[in-house]
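Reviewing the structure listed below.
Values in this text are rule-based calculations from the coordinates and carry no lab data. Computed from a predicted structure; not experimentally measured. Here the Cβ positions follow ideal geometry from the backbone for every residue, glycine too, while neighbour counts run over all protein chains shown.
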Amino acid sequence: MRRFLLLLTIWLGFLPATTVSAAPTYQVPSGNDFFGGGFNAEPQSQTILLGQGATITFNSWPGALIIKKSVTYTLWQQQGSGWQSILSRKYTKFDTASFTMTPQVAGTYNFQIQADWENVMKGTYYSQGFSIIVTPSIIPPTAMSLKLAHDTILPGESTRADVAFEPANATARVTWSVAPAGIVTIDSATGIITSQPNKTGLVTITATAGKLSASTQLLVGGVKDQTVAAGDPVTFELNGLHDSADYSFQWYAVDQTGNKKAIPGATHARYQFTTNPAPDLSTNPDQNRRFQVELIPNERFSGAEHGWSNVATLSLTAPRPDPGPSLNSVPEITTEPINLAAVVSQSAQLPVTATAPLAITDRGHGAGSWQLSAQLSSLETKATKLEATLNLNLGPSQVELSAGGDAVSIVQRPRGETFSTLLTGSGLAIKRNPYATAGDYQAKIKWLLTLTPPAENLQPTQKVATVKSESE
């Protein structure tokens, strides 16, 4: 049986070890969920030379809304067809954990880590499986790649850089560099990257092994620059924050001299708005606007640090061609059957059913408005015409369409606004007609969507739907 001299080093205080029984099988990895918790820093496989030490780093959490108390980590090693616990210890402080092992025999060793969080209903999590490959001699790599556990972090937080070689059992000494200096530090033994408090910026991480090298970028501060077309919506989002329930937020507009002005209502980790559509980018007030978010610890998380993100910049490109408003859907309308005897002797009021919403979107911009009008044709069979009025319930307002009458304005909105209604509560009023005959009565509704003032390159949109009612 292959064995390790095992040294567990956690960058935290720990309590005495507990005894854990053998696990018969490999457990399905728990992954990482914002609310449900899991491993937010998975252990990674490594290839080392015989006699060298391997340091494995990892971390878990119980989710954003859980108050952390303690966690017990158990290291499982595959032994033949089963799994055996190597050690288990309980920790009461929470940061990236690591253990170091030194192999005595060349070969491949398979592991999995179990995390048990105290006082959490579903507090047991399993890491992904990982291997320590021990080679008796140096196998030089032919290619290498570099990835980060997180590509955005906040000032004062940590992440990890992992190098992978081709072939998988290749080994080489890795050296690290970061540029620009002063924003993060990197532990050459573990690949742990730690950002400095109150330092933000885009950092390039480079790993070098002999003549091979690989680079990737890490954003410290968590808010990325955005480029959108003038008039389009834009979203600035605070990335890299793993415990957002610990904080409240306030976004600021930052001028070129660094002065900040709080943006009313912008109090979430994401700030979204629609940019100014002015086509002259040199005078567009949103061009090169800068934003920053403040992190304010909640009272019940008094240990959390107050902080700021980096300053992110908005860049505008030329506006998109105005697509004009779109009449997405119009409903077919049916009524309950007409009681012919009732219509012959008196007027009737029938509820209607709409098969689809009346829906309009407009991603255009600029001055003016769009208007939707409708015209109802005669309600008739081949033999008889009924005098009727369709009462459309638009929510806050009612609109009447007279069968065979003129077009009527249904709704008008400024450019860029949308509209949708299900026409619930609408009805069809039919006047008394002593000459009414049996049959299937039908009318057409012509919907017309226009712009005010008209645009030269945009044509009105027209759709036709039916109103149906059977007699009984």
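What distance in nm lies between label points placed 7 Å from Cα along the C-beta direction at Lys382 and Thr361? Each label point lies 7 Å from its Cα, and together they span 4.3 nm. Amide H to amide H, with H built 1.01 Å from N, Gly405 comes under 5 Å of Leu376, counting only residues 5 or more places away or on other chains.
Charge tally for Leu423 (other residues, Cβ to Cβ under 14 Å; Lys, Arg +1; Asp, Glu -1): -2. Other residues within the sphere of radius under 9 Å centred on the Cβ of Asp440, judged by their own Cβ, net out at 0 (K and R +1, D and E -1). At R0 = 41 Å, how high is the FRET efficiency between Lys446 and Thr283 if r is their beta carbon distance? Nearest 0.05 is fine. Rounded to the nearest 0.05, the efficiency is 0.45. Alpha carbon centre of the range 330-396 versus the range 259-286: separation in Å? Here the two parts' Cα centres lie 42 Å apart. As a proxy for reagent exposure, Asp406, Asp187, Asp440, Asp362 were ordered by neighbouring Cβ count within 10 angstrom, fewest first; the result is Asp406, Asp440, Asp187, Asp362. Ignoring lysines fewer than eight residues from Lys463 along the same chain, the ones with Cα atoms less than 19 angstrom from its Cα are Lys444, Lys446. Mean separation of Cα pairs under 8 Å and 6 or more residues apart, divided by the residue count, gives the chain a relative contact order of 10 percent.
Taking loop as defined by DSSP and a crowding limit of 16 other beta carbons within 10 Å, which chymotrypsin sites (Phe, Trp or Tyr not before Pro) in the range 48-91 fit? Qualifying residues, ordered by number: none.
Take Thr124 and His268, extend 7 Å from each Cα along the Cα→Cβ direction, and tell me the distance between the two endpoints in nm. Going from the Thr124 label point to the His268 one covers 3.7 nm.
Placing one equal scatterer on every Cα of the chain and applying the Debye formula, the log10 ratio I(q)/I(0) at q = 0.08 Å⁻¹ is -0.73. What shape does the range 95-253 take by its C-alpha gyration tensor, where a ≥ b ≥ c are the square roots of the eigenvalues and a/c under 1.5 counts as rounded, a/b above b/c as prolate, and the rest as oblate? Because a/c hits 1.5 or more and a/b fails to exceed b/c, the range 95-253 counts as oblate.
Couplings for the range 229-239, taken from phi via the Karplus curve 6.51 cos²θ - 1.76 cosθ + 1.60 with θ = phi - 60°, read 6, 4, x, 8, x, 9, 10, 9, 10, 7, 9 Hz in order; Gly and Pro are left as x.
From the alpha carbon centroid of the range 26-77 to that of the range 414-472 is 61 Å.
Sorting the segments 149-162, 253-266, 30-43 by their mean number of nearby beta carbons within 10 angstrom, highest to lowest, gives 149-162, 30-43, 253-266. Across the range 96-110, rounded Karplus estimates of 3J(HN,Hα) from the backbone phi angles (6.51 cos²θ - 1.76 cosθ + 1.60, θ = phi - 60°) give 4, 9, 8, 9, 10, 10, 10, x, 10, 9, 5, x, 10, 10, 9 Hz, Gly and Pro being marked x.
Within straight-line reach of Lys90, meaning a Cα separation under 13 Å, sit the following aspartates and glutamates at least 8 residues removed in sequence or on another chain: Asp116, Glu118. Taking label positions 7 Å along the Cα-Cβ direction at both Ala181 and Asn298, the computed distance is 4.2 nm, reported to one decimal.
Tell me the net charge near Lys463. Cut-off is 15 Å between Cβ atoms, Lys463 excluded, with +1 for each Lys or Arg and -1 for each Asp or Glu. Please list the in-between numbers first.
Working: positive: Lys444, Lys446; negative: Glu332.
For residues surrounding Lys463, the net value is +1.
May I ask you to compute the full-extension gain from Asn169 to Asn391, defined as 0.36 nm times their residue separation minus their alpha-carbon distance, rounded to one decimal in nm? List each step's numbers first, then the result.
Numbers: separation 222, 0.36 × 222 = 79.92 nm, distance 7.63 nm.
In short, 72.3 nm is gained.
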